[in-house]
Structures are given as C-alpha cells and as structure tokens.
Amino acid sequence: MYNVVANTVSEKYQDSEVFEELLNKPCLNETQKQCLRMKYLDGMTFRDIGKALKLSGSRIDQIVKVALTKLRGELENASDA
C-alpha cells in the first residue's frame with residue numbers, strides 16, 4: 001500500500017504546482033512537508049534526509065509513510081466530493 005501511495009504522489013505530482021498545493025494541506029506538519037519535498041522534489045534518500053534533519057533514515061521513512069497516508073486520505077476525500 002505504501003508503494004502505491006508513493007508512486008501516485010511521485011508520478012502525478014512531482015515537479016508540479018499540484019504537488020506544492022498538496023504539501024500545503026493542513027493535515028501535514030512542517031517536518032512531513034519538508035521530508036516529502038526532499039524525497040520527491042530533491043530526490044534525496046531517507047538516509048540523506050535524516051542527516052540533514054538530524055534524524056535516522058528509518059525515522060524519515062516513518063514520517064514519509066504517515067504523510068503519504070494522510071495525503072492519500074485527502075485525495076480520496078477530494079475525489080468523493
């Protein structure tokens with residue numbers, strides 16, 4: 001499920017205004033937004049993001065998974081409306 005959400009986000013929204021619009025959703029905190037930008041716009045690895053934010057790579061993985069789950073819920077809610 002994580003890979004499906006990640007692929008949806010990266011394929012549909014990478015390098016676009018829509019991706020930035022998604023990152024401005026109130027469901028995401030600043031750390032989640034920063035991690036998603038670094039992962040999908042800058043192409044950084046979890047390990048590199050972790051070094052930049054002084055967190056472990058596995059913690060970044062957790063943060064990204066939670067953020068993608070939240071965004072998936074936002075996308076599903078938007079498509080239901």
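The figures follow:
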| quantity | calculated |
| --- | --- |
| Subset of segment 59-69 [open to solvent by 80 Å² or more (accessible area, probe 1.4 Å) and without any contact (Cβ under 8 Å) to a residue 60 or more places away in the chain] | R59, Q62 |
| T8 vs. criteria open to solvent by less than 80 Å² (accessible area, probe 1.4 Å), β-branched (V, I, T), at pLDDT 80 or above and assigned to a helix (DSSP H, G or I) | no |
| Meets criteria (at pLDDT 95 or above and in a helix (DSSP H, G or I)) for V18 | no |
| Selection from segment 28-52 of residues that are assigned to a helix (DSSP H, G or I), hydroxyl-bearing (S, T, Y) and modelled with pLDDT of 95 or more | T31 |
| Any hit, segment 53-67, residues being part of a helix (DSSP H, G or I), of a type in the set (S, T, N, Q) and over 19 Å from E17 (Cβ atoms) | yes |
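The values are calculated or read from the model by the stated rules, or taken from the named source; none is laboratory data. No experiment lies behind these values; they were computed from the predicted model shown. Note that we place each Cβ from the backbone using ideal geometry, even for glycine, and neighbour counts take in every protein chain shown. Calculation scope for accessible area: heavy atoms of the full protein, side chains included, ligands and nucleic acids excluded. Shrake-Rupley method; radii C 1.70, N 1.55, O 1.52, S 1.80 Å.
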